[in-house]
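Please treat every number below as a calculation from the coordinates, not as lab data. On a predicted model such as this, the values are computed, not experimentally measured, just so you know. Quick reminder, even Gly has a Cβ in these numbers, built from the backbone with ideal geometry, and neighbours come from all protein chains shown.
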Amino acid sequence: MDTLQELLAIERIRQVKYKYFRTLDRNEWDELGTCLSEDCIARYDSGKYSYDGRDAIIAFLDKFMTGPKMLTLHQGHHPEIRLQGETEATGTWYLEDMVINLHDNTTLRGNGFYDDRYRLEEDGEWRICYTSYERTFEEIEQRDDSRLTLHSSFFAQA
């Protein structure tokens, strides 16, 4: 693989992870599923939430992350993507997230690091085949103890 092909592969992998974050926060589960290999493995929060297979991962996210009572912000920064040949790669992403949980009126803020593996599949698309993150910190604030008020929500429009 020459340098230009390597750079294009790295950019395509970045685009998959960016799409993962966007579709996660918008609850676009079918589109998020296109980011994952069928046999994808997820180990969220140091393995506290572990799922094998795209369908199991999407079912978990749909059950616990769907608006309008769960509003999320997931940002991945500073990707370090390393190609492992022409069809495999690994990546480390800096995670910053916030979850506004209107069920129990809390806001979670945290950060950590994603450890991902990617695979170029037969259809020519890069997909996440393993994803996990380990927290550096997490804090939870009781919203009724603060002056925070939610003024708008993407899901309130739906």
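Things to note:
- Helical contribution to [θ] at 222 nm, DSSP H n ≥ 4, -39,500 (n - 2.57), averaged over the chain, rounded to 500: -8500 deg cm²/dmol
- Summing charges over neighbours of L108, with a neighbour being any other residue whose Cβ is under 9 Å away from its Cβ, gives -3 when K and R count +1 and D and E count -1.
- Along principal axes, Cα extents of the stretch 14-104, largest first, whole Å: 46, 27, 24
- Shown in residue order for the stretch 93-104 are the 3J(HN,Hα) couplings computed by the Karplus curve 6.51 cos²θ - 1.76 cosθ + 1.60 at θ = phi - 60°: 10, 7, 9, 10, 9, 9, 10, 9, 9, 7, 5, 10 Hz (x for Gly and Pro).
- Within straight-line cross-link reach of K63, lysines at Cα separation under 17 Å, skipping those fewer than 8 residues along the same chain: K48
- By average C-beta atoms within 10 angstrom, highest first, the peptides 127-137, 39-49: 127-137, 39-49
- Dipole magnitude for the stretch 3-157: about 380 debye, using +1 per Lys or Arg Cβ and -1 per Asp or Glu Cβ, origin at the Cα centre.
- Order by protection proxy (mean Cβ within 10 Å, highest first), peptides 109-121, 77-89: 109-121, 77-89
- Sparse-neighbourhood loop sites, GluC sites (Glu not before Pro) in the stretch 1-45 - DSSP loop, at most 13 other Cβ within 10 angstrom: E28
- Beta bridge orientation in the chain: antiparallel %, DSSP, nearest 5: 90
- Highest-fluctuation residue, Q75, Q15, Q142 considered, GNM on the chain with Cα pairs under 10 Å: Q142
- Here the Debye sum runs over all C-alpha atoms of the chain as equal scatterers in vacuum, and log10 of I(q)/I(0) at q = 0.18 Å⁻¹ comes out as -1.11.
- Amide proton proximity set for S37, modelled H, under 5 Å, gap of 5+: I128, C129
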